[in-house]
Structure formats: structure tokens, C-alpha cells
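Contents: one structure, followed by commentary.
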Amino acid sequence: MLPWPTKFFKMKKVYILILSAILTIACSSDDNHRQNNPNLLDVNVNFTVDTSFPQFSNLSVSVGSPVYVGGYGNGGIFLMNNGSSIVAWDAIDPNHPRDNSCTSMQLEGPHVVCNCEGNKYELFNGNFIEGENLEYTLYNYRVSEVSPGVYRVTNN
């Protein structure tokens, strides 16, 4: 029979392993889920936005005023100042199968709506608001400030 301290330390190792496994699973990213969205193409996104330009000036002065940038992502990209940072979302409905007649969503204030399905999403955090059988939130891109008022949007 093992003395009490030896049993304690062996059990402590087991508890630490179990706790580590639980934390690893609980803290895992949803990137794999988002990347496996069958409705989105895997496209390379890498561009810079300068808020000193008039078309992007709302991003530096106004919270909740989105800006649409075409030609990137699956259907363009919506940029918005959410009060704590600049966020970037793909402008295609992530829950709508790709269809050439329905290529991007429309802005409604700080929300976007798919004209084909009626699915509605929040641009502050990318979550869906309305719709049926919604599995995916908006696909977001990384935004990093490269110098004051200049932001790089990328998915790398």
C-alpha cells in the first residue's frame, strides 16, 4: 500500500491531465467550422484601408456606420467600427448556397440582410438575428492597425 502523499501526487497528475484536456477542448477555435462552410469559397483576402480617405472616414469617427468594399472575399466585405475595434465581415450570406443571382447582402444600418433568404445578421459581432436553420455566423476577416488610421484586412 502506497503512503498517503504518493497517492495524492499520482492522483494530482491524473486530475491535471483531465483538466488540461477539458480546457483544450473548451478553448478550441471555431476556425475549422467556419473554414468548412460549403457556402463559401476559400479566397485570399489582403488589402489596406486608410481612414483618411473620404470613403473610409466613417470608420474612424462613427460607431455602427458600415462601409462596403467590393472586389474582395466571396461577395465584397463590410467594414465597421463596433466601438472597440474595426471588424470585417464577408458580404455573402454564409447560410445561403452560392447562387449567381444572389451574390451579396444589403446593408440595413448596422445589420445586413440576404435578399434571397431574408436572413439577417448583426455587423457588431457577426451573429445572425433572423432566419431559419442558421448554422453559420458571418465570416470574419482579421483586421490589424498597421499605422494610425490605416488597417490591413486579411484572412492569413
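Residues to consider are N125, N155, N95; find the one that is touching a Leu at 6+ places or on another chain (Cβ under 6 Å), in contact (Cβ under 8 Å) with a residue 40 or more places away in the chain and closer than 21 Å to N37 by Cβ.
Answer to the selection: N95.
Per-residue answers, yes or no, for (1) touching a residue at least 24 places away in the same chain (Cβ under 8 Å); (2) under 22 Å from E130 (Cβ atoms):
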site: P66; (1), (2): yes, yes
site: G76; (1), (2): yes, yes
site: N81; (1), (2): no, no
site: S104; (1), (2): yes, yes
site: G118; (1), (2): no, yes
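Need the failing condition index for V87 against (1) surrounded by 17 or more Cβ atoms within 10 Å (Cβ to Cβ); (2) assigned to a loop (DSSP other than H, G, I, E, B), just the number.
Only one criterion is unmet by V87, namely (2).
Looking at region 130-147, which of its residues are closer than 16 Å to F47 by Cα and either in a loop (DSSP other than H, G, I, E, B) or over 14 Å from the mean Cα position of the chain (by Cα) (or both)?
E145, V146, S147
Just the residues that are out of contact with any strand residue (DSSP E or B) (no Cβ under 9 Å at 6 or more places or on another chain) and either surrounded by 20 or more Cβ atoms within 10 Å (Cβ to Cβ) or not small (G, A, S) (or both), please, taken from region 57-84.
N82, the sole residue that qualifies.
Can you find a residue in region 25-38 that is at pLDDT 90 or above and touching a helix residue (DSSP H, G or I) at 6+ places or on another chain (Cβ under 9 Å)?
Within region 25-38 (the criterion being at pLDDT 90 or above and touching a helix residue (DSSP H, G or I) at 6+ places or on another chain (Cβ under 9 Å)), the answer is no, since none of the residues qualifies.
Taking the condition of being out of contact with any helix residue (DSSP H, G or I) (no Cβ under 8 Å at 6 or more places or on another chain) and either free of Cβ contacts under 8 Å to residues at least 60 places away in the same chain or outside any loop (DSSP other than H, G, I, E, B) (or both), how many residues in region 44-62 meet it?
Counting residues in region 44-62 that are out of contact with any helix residue (DSSP H, G or I) (no Cβ under 8 Å at 6 or more places or on another chain) and either free of Cβ contacts under 8 Å to residues at least 60 places away in the same chain or outside any loop (DSSP other than H, G, I, E, B) (or both) gives 13.
The values are calculated or read from the model by the stated rules, or taken from the named source; none is laboratory data. Note that the coordinates shown come from a computational prediction; the quantities given were computed from them, not determined experimentally. Reconstructed Cβ throughout: ideal geometry from the backbone, glycine too, with neighbour counts over all protein chains shown.
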